[in-house]
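Nothing in this text is a laboratory measurement; each read-out follows from the coordinates by a stated rule. All figures in this text were calculated on a predicted structure; none of them were measured in a lab. For neighbour counting, all protein chains shown are included, and Cβ atoms are generated from backbone atoms with ideal geometry for every residue, glycine included.
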Amino acid sequence: MKNIDWKNLVFGYVKTDYNIRCYFKDGKWGSLEVSTSEMIDLHMAATCLHYGQEAFEGMKAYRGKDNKVRLFRWEENWRRLENSANGVLMQPVPKEIFEEACRKAVELNQEYIPPYGTGGSLYLRPLLIGSGPKVGVSPADEYLFLVFVTPVGPYFKEGFKPVKMQVIRDYDRAAPLGTGSIKVGGNYAASLRAGQRAHQEGYATAIFADAKTKQYIDEAGPANFFGIKDGKYITPDSESILPSITNMSLRELAADMGLVVERRHVALDELATFEEAGACGTAAVISPIGMIQDRDTGKVYEYSKDGNAGPWCQKLYARLTGIQYGEVEDTFGWCTVLF
Ligand code: PLP
Ligand code: COI
């Protein structure tokens with residue numbers, strides 16, 4: 001076990017010992033390579049640098065109560081990376097290569113997996129880039145798939161304490177028929193200005209309105225949005241948001257816990273009616289939202305009277321993280337025990 005201040009980990013980069021790489025060249029994938037370097041040697045005309053042929057994933061491995069290490073729903077991340085690859089004409093990564101690279105990356109860096117009870121986890125960042133050179137706008141002939149890991153704590157510094165968010169309409173992260181539903185770097189580039197301004201104005205992140213009509217909620221920066229009211233778990237359906245695996249899991253848990261699940265357009269006006277609200281994602285887990293301000297109308301929506309997460313957010317968080325840390329039965333079969 002490495003000498004790391006596990007309890008004070010933030011969501012940032014900590015160097016680990018190994019990363020795993022695989023190259024697609026001459027029409028086929030090579031074998032997995034274990035690297036100790038943090039650097040990649042890249043052609044200056046690589047398509048990832050010029051034309052955005054880049055996609056990534058985010059998943060976590062958890063050290064459980066029983067000291068076993070669990071990986072959460074990795075097949076869903078593989079599937080989404082395949083969609084992302086197809087979306088920007090990259091070579092998809094075969095499932096076996098994805099699985100083996102993730103397993104190896106965690107196993108070789110196991111001393112960096114935060115101990116049970118610290119609230120940390122090992123974040124896996126699979127990355128697929130067009131590495132072959134092109135000057136005309138066209139897909140590369142060569143690709144690099146890489147998995148690195150880093151120990152992380154909470155994405156928002158508040159952890160499971162409610163955060164403030166800001167609804168905005170003057171920036172879009174993705175166009176309706178664009179790349180919002182796949183996990184490519186360009187979406188994050190497009191969100192940076194809105195995110196930075198939200199921070200400067202005192203908010204954890206921006207909530208984007210749908211780009212076409214500005215009537216509906218899209219998503220919250222790096223996480224999906226959900227609201228709870230009248231015994232219902234309600235989350236936006238939109239062609240320009242990332243289909244979150246955490247959200248998919250919460251919908252199943254919510255239904256199992258007796259909530260009615262609605263996935264549909266969620267009007268911004270509906271913010272006034274929710275009893276609880278939250279943002280969810282691998283990095284964010286569940287981040288309860290205490291307050292949302294609409295930056296244009298000035299309207300303020302409050303979801304936490306006592307500074308704590310509401311009862312449904314608490315129950316969903318306990319069940320989800322309980323499964324991930326091996327504290328409660330994994331009735332859905334979501335975790336792969338690695339070792
Ligand atoms: N939305 C965006 C834009 C994200 O970057 C993420 C993180 O991956 C999510 C939502 C949450 O997705 P997931 O729960 O699969 O991590
Ligand atoms: C994740 O939740 O894994 C993400 O990718 C969100 C963000 C860190 C980009």
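A few comments on the model shown:
- Using R0 = 25 Å, the C-beta based FRET efficiency linking ALA272 and PHE332 works out to 0.15.
- Segment LYS28-ALA175, length gained on full extension (0.36 nm per residue, minus Cα span): 49.6 nm
- When segment 268-327 is described by a simple charge dipole with +1 on each Lys and Arg Cβ and -1 on each Asp and Glu Cβ, the residue from LEU271, THR321, ALA284 located farthest towards its positive end is THR321.
- Taking the charge dipole of the chain about its Cα centre, with +1 at Lys and Arg Cβ atoms and -1 at Asp and Glu Cβ atoms, the residue from PHE208, VAL10, PHE339 reaching farthest to the positive side is VAL10.
- Computed magnitude of the charge dipole of segment 205-322 (debye, nearest 20; Cβ of K, R +1, Cβ of D, E -1): 140 debye
- Projected label points at PHE11 and GLU100, each 7 Å from Cα along the beta carbon direction, are separated by 3.2 nanometres.
- Tilt relative to the chain, helix 95-108 - C-alpha long axis, 0 to 90 degrees, to 10: 90 degrees
- For the chain, a simple Cβ point-charge model (Lys and Arg +1, Asp and Glu -1, everything else neutral) yields a dipole of about 360 debye relative to the Cα centre.
- Inter-centroid distance (Cα atoms) of segment 196-266 relative to segment 91-126, Å: 27 Å
- Under the convention that each Lys and Arg Cβ holds +1 and each Asp and Glu Cβ holds -1, the size of the dipole of segment 1-148 around its Cα centre is about 520 debye.
- Residue among GLY119, SER131, PRO162 farthest towards the positive dipole end of segment 115-165, charges placed on Cβ: PRO162
- Taking every DSSP beta bridge that has both ends in the chain, the antiparallel portion is near 80%.
- Anchor LYS28: lysines whose Cα lies under 27 Å away (excluding residues fewer than 8 positions away in-chain): LYS95, LYS104, LYS134, LYS183
- Relative counts (whole %) of C-alpha pair distances in segment 1-110, using bins that are 10 Å wide: 11, 37, 37, 13, 2
- In segment 164-249, Cα pairs under 8 Å separated by at least six residues give a relative contact order of 33 percent.
- Per-selection metrics, the chain (Cα): Rg and Dmax in Å: 19.9, 60
- Here segment 226-327 carries DSSP beta bridges of which approximately 70% are antiparallel, counting only pairs with both residues inside.
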